[in-house]
Amino acid sequence: MTFEDFKLNRQLLNAIEEAGYEKPSPIQEKAIPLLLAGHDVIGVAQTGTGKTAAFMLPLLMKLKYAQGNEPRALILAPTRELVMQIYEHFEMLSKYTDLRAVALYGGSGSIKRQLEQVREGMDLIIATPGRLLDIYQRNELNLRKIKTMIMDEADRILDMGFQPQINRLLEIISSKKRQNALFSATMPEKVVKLTEDFLEFPEEINISPVAVTAETVEQRYYEVPNFRTKINLLEHLLEDKESFHKVIVFTRTKEVANNVYKFLTRKVDESVRVIHSNKDQNARSNAFDDFKKENIRILVATDVAARGLDVSDVSHVINFEVPKQYDDYVHRIGRTGRAEKEGIAITFANVLDVHHLRKIEKLIGKKIPQERIPTVVDITQTPFEENQKLLRALDFIRQREDPNYKGAFHHKKRYQDPKNKDKKKNRSSSNRKPKKKR
């Protein structure tokens, strides 16, 4: 199949050709005809398979040309980064049309410019739920004329606590003759529940089972006993600048992200940036742009960057820590091996992480091969406190999963002498003030 087979207009076909799209991906093959026919759609496919173009092309065909100043279509996304990525696709695919779009997202100093853009008029809004409601409540937007509503990364939207905003938006936007679509890489129960309120008789597209990773990503893990050894292994791997030429290092917390960033800039390479929730929007955007343009080699990030980063030719994803949410593993490693190109995902796993990694293997239906730590890497002894913390956490998980498991750690109850207890009771009662007689 080619894009010509979808009977798209010449303006779109020219833009597609210039963008370098050679043939439709599986999600595009199935979603585009259904959306062009006006169906509500649920689309499930792993990240990096072309979901954005799958809903953007039919939407541009439906909008056709600029008309009025009030929005006729809405795309919701969970993060600023994903909003910007979708907006870039809009600009790329609509370049031969006169269609107008605005990108609405949170961030210091951004709302004034966004309000100006809204007042100038638009055909399409691409927005995070919170910022969209913020501007709507200022009486700056009329959302009653929206005829197409698309939700991208719906599971992430709900994970980030946007359910109340989504419910409010569904009340505001007229449901009469509105086409709806929901796209996501995973489909947990809460998203299924949302589809019941959001979609009418939807056509379901499931390109791959939930949480399956792309075949183009080679996965492996190292069993690493402690934080210090992880640092040593990371330093060793990144010394190979030719192979590890474009790398994302994922951590669970911003504290670890900062520590890894400081170490890498001091010991490995100055060509490093860090992204996490404490960084303001401008810092995050600049770091992402530098990485995308290959001005830097290494990007250290928390799961704030696990979705919405559409960067080509990422050679490696390194999970310095296993994510708390197992689905995030799929999204993390999906930053490499995109657009049918090959990539490598490496995970560092301590004794607690190995337990979680076994759960991830069940989720993705695939065994992750183990690699031996190279002999040149210094394997340090785990400090007592770090080891106890890991073992206690693992013990707690096992107790929670198996009621019959007694546990290696026992919480000691403080012994209290019954005599002291009675003395304390008598002392407290003697201190009470006598009740006044009426």
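The values are calculated or read from the model by the stated rules, or taken from the named source; none is laboratory data. Small disclaimer: the values here were computed from a predicted structure and weren't measured. Positions of Cβ are generated from backbone atoms using ideal geometry, with glycine treated the same way; all protein chains shown enter the neighbour counts.
What's the number of the condition HIS39 fails, among (1) touching a Ser or Thr at 6+ places or on another chain (Cβ under 8 Å); (2) part of a loop (DSSP other than H, G, I, E, B); (3) under 25 Å from GLU196 (Cα atoms)?
Going through (1) touching a Ser or Thr at 6+ places or on another chain (Cβ under 8 Å); (2) part of a loop (DSSP other than H, G, I, E, B); (3) under 25 Å from GLU196 (Cα atoms) one by one, HIS39 breaks only (1).
Please state which one of ILE368, ILE318, ILE346, ILE373 is within 27 Å of GLU270 (Cβ to Cβ), more than 21 Å from the chain's Cα centre (by Cα) and touching a residue at least 24 places away in the same chain (Cβ under 8 Å). Even if it seems obvious, please write down each step before you answer.
Working: ILE368 fails: within 27 Å of GLU270 (Cβ to Cβ); ILE318 fails: more than 21 Å from the chain's Cα centre (by Cα); ILE346 fails: more than 21 Å from the chain's Cα centre (by Cα).
Result of the check over ILE368, ILE318, ILE346, ILE373: ILE373.
Restricting to the stretch 78-127, count the residues that are in contact with a Phe, Trp or Tyr (Cβ under 9 Å, 6 or more places away or on another chain) and among the polar types (S, T, N, Q).
Here the count works out to 3.
What tally of residues in the stretch 233-245 results from selecting those that are in contact (Cβ under 8 Å) with a residue 40 or more places away in the chain, in a helix (DSSP H, G or I) and surrounded by fewer than 18 Cβ atoms within 10 Å (Cβ to Cβ)? Outline the logic, then answer.
Pass one, the stretch 233-245, residues in contact (Cβ under 8 Å) with a residue 40 or more places away in the chain: 233-234, 236-238, 241, 243-245.
Still in the list and also in a helix (DSSP H, G or I): 233-234, 236-238.
From what is left, the residues that are surrounded by fewer than 18 Cβ atoms within 10 Å (Cβ to Cβ) are 236.
Summing the residues that are in contact (Cβ under 8 Å) with a residue 40 or more places away in the chain, in a helix (DSSP H, G or I) and surrounded by fewer than 18 Cβ atoms within 10 Å (Cβ to Cβ) in the stretch 233-245 gives 1.
Out of all the residues in the stretch 1-46, which are touching a helix residue (DSSP H, G or I) at 6+ places or on another chain (Cβ under 7 Å), surrounded by fewer than 19 Cβ atoms within 10 Å (Cβ to Cβ) and aliphatic (A, V, I, L, M)?
MET1, LEU13, ALA19, LEU36
Pick from LEU299, LEU264, LEU237, LEU309: which is modelled with pLDDT of 85 or more, within 24 Å of LYS366 (Cβ to Cβ) and not assigned by TED's automatic domain parsing to the domain that holds MET187?
On the way: LEU299 fails: within 24 Å of LYS366 (Cβ to Cβ); LEU264 fails: within 24 Å of LYS366 (Cβ to Cβ); LEU309 fails: modelled with pLDDT of 85 or more.
Answer to the check: LEU237.
Which pairs do you get when a residue that is outside the structural domain of ASN282 (by TED's automatic domain parsing), found in the stretch 84-97, comes within reach of a residue that is surrounded by 14 or more Cβ atoms within 10 Å (Cβ to Cβ) and part of a loop (DSSP other than H, G, I, E, B), reach meaning Cβ atoms under 7 angstrom, with the pair 6+ apart or on two chains?
Correct list of pairs: GLN85/GLY308; GLN85/ASP310; ILE86/ALA77.
Counting only residues that are in a loop (DSSP other than H, G, I, E, B), farther than 11 Å from VAL44 by Cα and not aliphatic (A, V, I, L, M), which one in the stretch 189-232 is modelled with the lowest pLDDT?
Ranking the qualifying residues of the stretch 189-232, first place goes to THR213.
Just one of the numbered conditions (1) in a loop (DSSP other than H, G, I, E, B); (2) at pLDDT below 85; (3) surrounded by fewer than 22 Cβ atoms within 10 Å (Cβ to Cβ); (4) of a type outside the set (A, V, I, L, M) is not true of GLU294; which one?
The number of the failed condition is (2).
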